[in-house]
């Protein structure tokens, strides 16, 4: 016999959570399973994440891509630190550093990162 508390919990759960069923072809399921494995989740959890990201209008970024972006941010901070050190040395020694060349190198780096992220997000 189900206790009143348990019955109330089940009623609340049914009211708050809705279940949907979808049909996928074997190829589609294989793709979903593969992507779920890459993200260390189950296929149903992966699809739920995709739906949430879509509803929130934020792009889904795999954990692998998130790690790569994190590594790029770290490297960019190192580059920025190096530029600050060059600027400090230039000011201290009154040696002129061609800042246009430095800025062009930063622009190349920024363009490369943007291209990489776009390419990875479209996979």
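Results, tabulated for the structure shown:
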{"read-out": "Cα→Cβ-extended label distance, 7 Å offset, between residue 91 and residue 55, nm", "value": "5.0"}
{"read-out": "Virtual paramagnetic centre 7 Å along Cα→Cβ of residue 111, amide N under 19 Å, in region 59-82", "value": "76"}
{"read-out": "Volume per residue that the Cα convex hull of region 21-60 spans, once the total is divided by residue count, Å³", "value": "70"}
{"read-out": "Most fluctuating residue given options 41, 92, 30, as computed from a GNM of the chain linking Cα atoms under 10 Å", "value": "92"}
{"read-out": "Distant alpha-carbon pairs in the chain (separation over 16 angstrom), percent", "value": "76"}
{"read-out": "Using alpha-carbon coordinates, inclination of helix 43-55 to the longest axis of the chain, degrees", "value": "60"}
{"read-out": "Acute angle (nearest 10 degrees) that the helix 99-121 long axis makes with the longest principal axis of the chain, alpha-carbon atoms", "value": "20"}
{"read-out": "In degrees, nearest ten, helix 26-38 long axis to first principal axis of the chain (Cα)", "value": "60"}
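No value in this document is a laboratory result; all are computed from the given coordinates. The model shown is predicted, which means the values in this text are computed figures rather than measured ones. Every residue, glycine as well, gets a Cβ built from its backbone with ideal geometry; the counts of neighbours run over all protein chains shown.
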